[in-house]
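K.L.:
The following block contains the structure, expressed as structure tokens.
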Amino acid sequence: MSLVSVVCLGNICRSPMAHMVFQNMINEKGLECEFEIDSAGTEGYNEMCHAGIHRGTKEILRRKGIPFEEHYSRKIRKKDYEYYDYIIAMDKFNLRNMTRFVGDDPQKKVSLLLDHTDCPGDVADPWYTDDFDKTWEDVNRGCRGLLDEIGI
């Protein structure tokens, strides 16, 4: 089984979107028993107030026909590094923040989502841009690239 966690800042916009998109891609291939997908944030303020998925993320997932269940924000923890095979950050800022939890990444589990594409970079953050369509494009492209790299 492959264990994947996607990580952004607050775990309410980008990482839940990537979580649901990746899960849907896996399900469409009939491989849901071969993967466990989760998401987390590098900051814990949304976890403290039990924040769910942002309404903009829910809206675009509905528009794109991606099924989802409610997800409540959680902060990444040091033990996640040992548990997950892949820990995928949405941007360089969160990648740097994750060093508090994963150290120097001796097992080479950590990467940026868009590094799995032919156009590396940061996934646009709709919390600041309010452009959930751009984030969708980035997430969709990154998830497809990651699946290709894993060999699915």
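K.L.:
Measuring with a 1.4 Å probe in the full set of protein chains, what accessible area per residue, in whole Å², belongs to the stretch 56-104?
P.N.:
With all protein chains present, the stretch 56-104 gives 58 Å² per residue.
K.L.:
Ignoring ligands, DNA and RNA, what percent of the 1.4 Å accessible area of the stretch 41-152 is carbon and sulfur?
P.N.:
Exposed carbon and sulfur together represent 50 percent of the surface.
K.L.:
Follow-up. For the chain, calculate the relative contact order in percent as a whole number, restricting contacts to Cα pairs under 8 Å that are 6 or more residues apart.
P.N.:
27 percent
K.L.:
Might you report the magnitude of the Cβ-based charge dipole of the stretch 1-145 about its Cα centre, with Lys and Arg at +1 and Asp and Glu at -1, to the nearest 20 debye?
P.N.:
In debye, rounded to 20, the stretch 1-145 gives about 200.
K.L.:
Then there is this: So which residue, out of 109, 78, 29, gets the largest mean-square fluctuation from a GNM of the chain using Cα contacts under 10 Å as springs?
P.N.:
Highest fluctuation of the listed residues: 29.
K.L.:
Something else now. In terms of the ratio Rg/(2.2 N^0.38 Å) built on C-alpha atoms, what value belongs to the chain?
P.N.:
That works out to 0.94 for the chain.
K.L.:
Something else: From the helices alone, meaning DSSP H stretches of at least four residues, give me the mean residue ellipticity at 222 nm for the chain, per-run term -39500 (n - 2.57), in deg cm²/dmol to the nearest 500.
P.N.:
Mean residue ellipticity, 222 nm, calculated: -12000 deg cm²/dmol.
K.L.:
Mind ranking 53-62, 137-146 by how tightly packed they are, going by the mean number of other C-beta atoms within 10 angstrom, highest first?
P.N.:
In decreasing order of mean packing, 53-62, 137-146 become 137-146, 53-62.
K.L.:
Roughly what would the spin-label model give for residue 148 and residue 118, points 7 Å off Cα along C-beta, in nm?
P.N.:
According to this spin-label approximation, the distance is 0.7 nm.
K.L.:
A further question on this structure: Extension gain residue 50-residue 85, at 0.36 nm per residue separation less the Cα-Cα distance, in nm?
P.N.:
Gain in length upon complete extension: 10.0 nm.
K.L.:
Please identify, among 27, 97, 46, the residue showing maximal mean-square fluctuation in a Gaussian network model of the chain using a 10 angstrom Cα cutoff.
P.N.:
Its mean-square fluctuation being the largest, the pick is 27.
K.L.:
Using 0.36 nm times the number of residues separating residue 137 and residue 34, minus their current alpha carbon distance, what extension gain do you get?
P.N.:
Value of the extension gain: 34.5 nm.
K.L.:
List the DSSP H helices in the chain whose Cα atoms stretch 18 Å or more along the helix axis and whose mean Kyte-Doolittle hydropathy is at least -0.5.
P.N.:
Helices meeting the criterion: 14-28.
K.L.:
A further question follows. Please work out, to two decimal places, the log10 of the ratio I(q)/I(0) at q = 0.13, 0.15 Å⁻¹ from a Debye calculation in which every Cα of the stretch 65-152 carries one identical scatterer.
P.N.:
Results for the stretch 65-152 at q = 0.13, 0.15 Å⁻¹ read -0.48, -0.65.
K.L.:
In Å, what Rg and Dmax follow from the Cα atoms of the stretch 111-152?
P.N.:
10.6, 34
K.L.:
Exceeding 27 Å between C-alpha atoms, which entries from my cross-link table qualify? They are 29/58; 64/109; 75/109; 64/108; 58/79; 75/108.
P.N.:
Going by Cα-Cα distance, 64/109; 64/108; 58/79 fall outside the 27 Å limit.
The values are calculated or read from the model by the stated rules, or taken from the named source; none is laboratory data. Remember, predicted model here, so these are calculated numbers, not experimental data. Virtual Cβ from ideal backbone geometry, glycine too; neighbours counted across all protein chains shown. Just the protein is used for accessible areas: all its heavy atoms, side chains included, with ligands, DNA and RNA removed. Shrake-Rupley method; radii C 1.70, N 1.55, O 1.52, S 1.80 Å.
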